[in-house]
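Presented below is the structure to which this report refers.
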Amino acid sequence: MKGYIHEMESIARSSGGSTEQVLETIANRYIGANPQEPPVYRVHDGASFRRLSDCRYDMNLAERWPDIRDGQYAYAWAKLWCAQEGELPFAASCYGPVKVYVNGSRQFASNLNDDVFPDRRALFRARMVKGWNHLVLEFTATGTGCGAVFGTGSVKGAPMHFLSPGPARAGREGWIYSAPQDEPLAELAALDEAGAGGLEWYPRCGWTAEEEQAGSFTRVLGSAATSGQTAFAWTGLCCTRVGGVKLHLAGSASGAFALYLNGREFYRSPLEQGGAFRVPLEVAYGRHHLVVRSTCPAAAVWDFRLEAPVADSGVRLEAPYPVEGLPDTWLYLGPFAPEHAPIAEDVARLDSLFGPEGSRRFWRADSPEASVRPYLETTLYGKWNYPLGVTLYGILKTGEELEKPQFLNYAADHIEQCTSLHEYAMWDTEQFGAPGINHQLALIDSLDDCGSFGAAMLTAHAARPLTGARETADHIAHYITHIQDRLTDGALYRVKGTTDFMMGTMWCDDLYMSTPFLGKYYALTGELSYLEDAARQFLLYKERMFIPEQQIMHHVFDHKFGKPNGVPWGRGNGWVLFSLTEILELLPADHALFQPLLAFFRELCQGYLKLQGPNGLWHQVLTDHSSYQEASCTSMFIYAFSRGIRFGWLEETDEYAAAALRAWEALVELCIDKQGNVYGVCRGSGYSFNKYYYKDQLSWQLNDTHGIGIVLLAGIECLKLARSSL
C-alpha cells in the first residue's frame, strides 16, 4: 500500500473514474458530519466574572470581598460540557495561591512565582470526561490578593465559556463563587449538580421582595428608565388544538401599551396609565409571537402582567425562542427614547441589535443583571476561522461547478450566520469583554483571523447577497490596510503572536491570509489600491524567502535572527502559488506588476514541477521524499498548474497538464476513501529551523479542514482542464 488507504477502500475504485462523483462524495460527507446549527442563546449572568479579551475570566475575589482576611479561602465553580473525552488547555494568572480541581481531582496548583507575579500565565492541560465536567478553583487570600484570571489556554483554538452549576441557574453562562471561608472545603467532589458543599453561592439569581413589587420593566431594565420611554416584552403562545382556540387574554399594566400577535397589532390600551385588560383573541394551531409595546409611566412602577391561559384552554405561554437559563417565558428589550424605538412589528427576532448607534439594545431576562447572548457551541458549523474559509470556498465552488445549489447554500448559510451577527458580535465584545460568537473576527489581531474566511465570504456574497457581508468586508479591509503590522517597505509582518516564536516573522501562509481577500475586495469596491497592495506583497515576500537555486520558498523569514528558516514546507509553498493565481486572474495584463508576477509564477511552477514525488503526490518537506505525501499542497499545485494552463500563463502546457492530472489521480487513489474521507492533510503548523519538526512532529490529520476545500478546488480545476482540452 503506497498511500493512506487500502486500494479496496479507495474512492478511485467506487467512483467509476468520475471526478464529479468524487467531489460530491467529499462535500456530502463534510456536510453530513457538520449539519447546520444556529447559535445557542443563553442567559448571561452579568454579576458574575467578566471575560477579558483573551476569553479568560477575571476572578478577583479580593474586589468582591474587600474584607477577606489573609489565610481565608474562597471558591469559584462552573461546569463545562465536552462532546468527547480528551485534554483541554487552560491558563491561570494568579492573584494569590490557586488550586484547580476538575471533577474532584486536582489538576493544577500555583507555585511561588505564580502567586507573586499576577501577569504570569501558568499553562496546563486537564483531562475532561465526555459529558459535564465540574471545575472548582480554590483561592487562598494573601497579602498579594485572592483569585485568578482563569480560562482557556488557547483563545484562537478553544475560546471556552463556562456554565453555572445547580438547578437554579441551569443553562446560564458564568461562574458562581463563595463568600470567604475560614477552613477549606473537605469534600470538593461533593460540588456537583446534586450538592453545593454547604456553601452559599453568589451572585444572587433571584429578586428581592421590593424588586418584585417594582414591576417587570422597572426591575429588568433598571432605574435608568424615564417617563415616556418605550420598552418591549416578548413571549410565545402555543396552541395545541388543530382547529384553533378562541380565548381572552387578561392582565394588567402600568403605562400605555399595545399588543401584537405575529407582528399584527390587535389591542391598544385606551388609557395612558394602562390598567387591567381583557382582550378576545383567536389563536390558530401552532406557535405564535406575542409582543407587548409599553410606555413608561410617570409613576415609580412600570409593569406588565399577563395571566397564564387556564390549563385546559389548549393554549400555553412558552419561551418565544429556546433560551437556556430563561427563568420564565418572557424576554425584555429597552428602554428607548420614543423617536429611537424600533417598530413593534419587527422586534420578535434574535439576529439584530435595536436602537441607534451609541445606544444599542438587546434582549434581557427577568433576573438580576441577566442578558440574553448567543454562543457558538458547535464543532465547526457557524465558526469563523481560516481553515474553514478554505473548506467553505471549496464547497461553494463545488456547488457552482456541479450545479448543486444545496452545496452553495450550505456554505453561504454558514458564512451568513457569521456576517449577519457581525454587528452584534462587535457590540457584544464591548459590553461583555469577549464575544460568544465570531471571536476571531471580533478580536482580530492577525491576518489568520480575517483574510481566508473573508475571501470565502466575498465569493459567497457574489453568488448570493449575504446579510452583513459588506460591513464585515469593510472591517477586514480596514484591519489589513491600516492596523496589521508592516515593515517599512509595506510587507505584511507579524510583530506579535500567540507565542513567542511567532514574533517578528513573515510566513508564506500570510500571502493566503491576505491577498485573495484584497483581490476580492477590489472586485467588490473597484478600488485598485487593494489589488496593487496584494500584488506587491508577492514581490516583497520573494525578496526575503525565495530559494533561487530550487525555485521554491522558505516557509518563514524570522527577523529575530535575520534569516529564513531553511525549510520548504509543502503547504506553505502551496499557499503562495494558490494565492498568486487569484491575483493574476484579477490584475490587468497591462499593469506594471503583471509581468513580474507572471515571471514569479512561472519560476515557482518550474521549481514545484521538479519536486513531484514518484507516486504523483508532493511531500510534506518538498525536497525530502522520505517525508510523508501531503494532500493539501498537492491539491494546491494541481489547482495552480491547471489555472496556469487555462489562463495561458504557462507555456509548457503538456508537461504541466500531465503533472496535474497525474497528481489528481494519485489523490483519488491514495488519499480519499469511498466515504469521502480525506487523508494526509498536515495539521495546523508552527514553524522551526529544523526540518524534522515538519517531517516528524507536524503530523497529518484525517479530514483536516486545511485540506478538504483545497482538494475540492483541485478537482474542479481538473474538470475545467479536461473540458478545455476537448
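Less than 14 Å from a label point 7 Å out along the Cα-to-Cβ axis of Trp427: which backbone N atoms in the stretch 219-244 qualify, by residue? Correct set: 232.
Relative contact order for the chain: 13 percent, from Cα pairs under 8 Å spaced at least 6 residues apart, divided by residue count.
Could you state, as a whole-number percent, how many of the C-alpha pairs of the stretch 567-625 are farther apart than 18 Å? Result: 40 percent of Cα pairs exceed 18 Å. I need the calculated FRET efficiency for the pair Glu9 and Glu665, taking r as the beta carbon distance and R₀ as 22 Å, to the nearest 0.05. FRET efficiency, Glu9 to Glu665: 0.85. Considering only Pro435, Val495, Thr459, the residue lying farthest towards the positive end of the dipole of the stretch 425-510 is Thr459, judged by Cα position with unit charges set on Cβ. Model label points for Asp696 and Arg602, set 7 angstrom from Cα along the Cα-to-Cβ axis, are 4.2 nm apart. Per residue, the convex hull spanned by the Cα atoms of the stretch 151-266 amounts to 275 cubic angstrom. Normalised by 2.2 N^0.38 Å, where N is the number of residues, the C-alpha radius of gyration of the stretch 594-726 stands at 1.05. The largest accessible area among Ile444, Ile483, Ile437 belongs to the first residue in Ile483, Ile444, Ile437, and the rest follow in falling order (1.4 Å probe, all chains).
Rounded to the nearest 10 degrees, the angle from helix 528-545 to the longest Cα principal axis of the chain is 60 degrees. The angle between the Cα long axis of helix 469-478 and the longest principal axis of the Cα atoms of the chain comes to about 70 degrees, rounded to the nearest 10.
Given R0 = 51 Å, the distance between the Cβ atoms of Ser223 and Arg486 translates into a calculated FRET efficiency of 0.55. According to the Cα-based calculation, Rg over Rh for the stretch 213-262 is 1.06, with Rh computed by the Kirkwood formula. Between Thr379 and Leu271, the C-beta separation translates, for a Förster distance of 60 Å, into a calculated FRET efficiency of about 0.65. Against the criterion of solvent-accessible heavy-atom surface with a 1.4 angstrom probe, Thr472, Thr142 sort, most first, into Thr142, Thr472. With every protein chain in place and a 1.4 angstrom probe, the accessible-area ranking of Trp700, Trp507, largest first, reads Trp700, Trp507. Starting from the Kirkwood Rh over alpha-carbon pairs, what translational D in µm² s⁻¹ does the stretch 9-67 have by Stokes-Einstein at 4 °C and 1.567 mPa s? In µm²/s, the coefficient is 77. Measuring spread by the Cα atoms of the stretch 388-544 yields a radius of gyration and Dmax of 15.9, 47 Å. Calculated accessible area for the chain comes out at 40 Å² per residue, all protein chains present (probe 1.4 Å; ligands, DNA, RNA ignored). Per-residue extension of 0.36 nm, minus the Cα-Cα distance of Leu199 and His559, leaves a gain of 124.2 nm for this segment.
Rounded to the nearest 10 degrees, what's the angle between the helix 708-724 long axis and the longest principal axis of the chain, both from Cα atoms, 0 to 90? The two axes meet at around 50 degrees.
Extending 7 Å from the Cα toward the beta-carbon at both Glu471 and Ala158 defines two label points whose distance is 3.3 nm. Across all directions, the average flat footprint of the convex hull enclosing the Cα atoms of the stretch 383-452 is 4.6 nm².
Taking a point 7 Å from the Cα of Met503 along the Cα-to-Cβ direction, the residues of the stretch 652-696 with backbone N closer than 19 Å to it are 686-689. Short to long, the 10 Å bins of the Cα pair-distance histogram for the chain hold 3, 13, 20, 21, 18, 14, 8, 3, 0 percent of all pairs.
Taking the 1.4 Å solvent-accessible surface of the chain as the whole, the part contributed by carbon and sulfur is 50%.
The values are calculated or read from the model by the stated rules, or taken from the named source; none is laboratory data. Keep in mind that this is a model prediction, so the values were computed, not measured. Cβ atoms come from the backbone with ideal geometry, glycine included; neighbour counts cover every protein chain shown. For accessibility, only protein heavy atoms count, side chains too; no ligands or nucleic acids. Shrake-Rupley method; radii C 1.70, N 1.55, O 1.52, S 1.80 Å.
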